């Protein structure tokens with residue numbers, strides 16, 4: 001029977017406000033407020049109803065911790081969440097670049113060349129090194 005089970009997607013937006021509020025140990029109005037403020041924005045169902053994922057619920061708990069335990073105001077929490085998202089994106093980029101470097105090191109005939117914009121966006125291209133002709137000494 002376990003062969004039919006599929007892994008649960010933590011980003012699947014399946015929980016209505018009432019269930020997400022219960023899972024996050026919050027009042028449903030708090031979730032709606034966080035949505036309006038842009039702190040935790042759930043997906044929308046066809047009838048415009050909010051649907052939360054497990055990742056959203058974890059984020060709600062994180063916001064609650066920062067607010068109640070650490071005493072951080074909502075604007076501070078917004079900034080923290082934005083920075084955490086940026087760090088996660090940078091980690092992903094470093095991981096992708098590490099994978100590319102490992103593949104390049106395995107392929108000695110062709111190399112990739114990376115350039116970066118001031119925004120941090122990375123571009124890649126291919127470079128096939130030419131063999132250098134060695135001149136006899138004394139020439």
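The values are calculated or read from the model by the stated rules, or taken from the named source; none is laboratory data. No experiment lies behind these values; they were computed from the predicted model shown. Every residue, glycine among them, receives a Cβ derived from its backbone with ideal geometry; neighbour counts consider all protein chains shown.
Just one of the listed residues (55, 51) is assigned to a helix (DSSP H, G or I) and within 17 Å of residue 25 (Cα to Cα), namely 55.
Going residue by residue through segment 80-97, is there one that turns out to be free of Cβ contacts under 8 Å to residues at least 12 places away in the same chain, over 20 Å from the mean Cα position of the chain (by Cα), more than 14 Å from residue 13 (Cβ to Cβ) and loosely packed, with under 14 Cβ neighbours inside 10 Å? No, because not a single residue in segment 80-97 is free of Cβ contacts under 8 Å to residues at least 12 places away in the same chain, over 20 Å from the mean Cα position of the chain (by Cα), more than 14 Å from residue 13 (Cβ to Cβ) and loosely packed, with under 14 Cβ neighbours inside 10 Å. For residue 46, the requirement of being surrounded by 14 or more Cβ atoms within 10 Å (Cβ to Cβ) and closer than 19 Å to residue 14 by Cα is not met. If I filter segment 8-28 for residues that are modelled with pLDDT of 90 or more and within 22 Å of residue 79 (Cα to Cα), do I get at least one hit? Yes. Residues of segment 11-40 that are assigned to a loop (DSSP other than H, G, I, E, B), surrounded by 14 or more Cβ atoms within 10 Å (Cβ to Cβ) and touching a helix residue (DSSP H, G or I) at 6+ places or on another chain (Cβ under 6 Å): 39, 40.
Does residue 61 fit the bill of being part of a helix (DSSP H, G or I) and surrounded by fewer than 17 Cβ atoms within 10 Å (Cβ to Cβ)? Walk me through how you get there before you give the answer.
Values: part of a helix (DSSP H, G or I): yes; surrounded by fewer than 17 Cβ atoms within 10 Å (Cβ to Cβ): yes.
So residue 61 passes the test.
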